[in-house]
Amino acid sequence: MATLTIQLPDELERALEQHSAFSRASKSDLVREALKRYLRVAQLQSLRSELAQQPQARDAPTDEDVFRIVDSP
């Protein structure tokens, strides 16, 4: 596993520390999960943008289809 060092504003670091203590999850776990979600949303938005540029087809993918694509390895 790679290591990444980031700088956070004091307020964000305090909020992360508080949530970590409250949830009993490590700060690394919380940041990893937040980044994972952010990247999935970005990928979903990109796919939707690509689909919006394509001509409407009778068998256009549904949201469920898109989520299957995003969740596939």
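Observations, loosely collected:
- Only residues that are basic (Lys, Arg) and over 20 Å from residue 66 (Cα atoms) were counted across the range 19-42, and they come to 3.
- Selection within the range 7-40 - surrounded by 12 or more Cβ atoms within 10 Å (Cβ to Cβ), farther than 30 Å from residue 63 by Cα and basic (Lys, Arg): 27
- Residue 49 meets all of the listed conditions (1) part of a helix (DSSP H, G or I); (2) at pLDDT 95 or above but one, namely (2).
- Pair list, Cβ under 7 Å, 6 or more apart: the range 20-36 residue within 19 Å of residue 2 (Cα to Cα), other residue of a type outside the set (Asp, Glu): 26/20; 27/16; 27/20; 30/16; 30/19; 30/20
The values are calculated or read from the model by the stated rules, or taken from the named source; none is laboratory data. Source: prediction; values computed, not measured. Note that each Cβ is placed from the backbone with ideal geometry, even for glycine, and that neighbours are counted across all protein chains shown.
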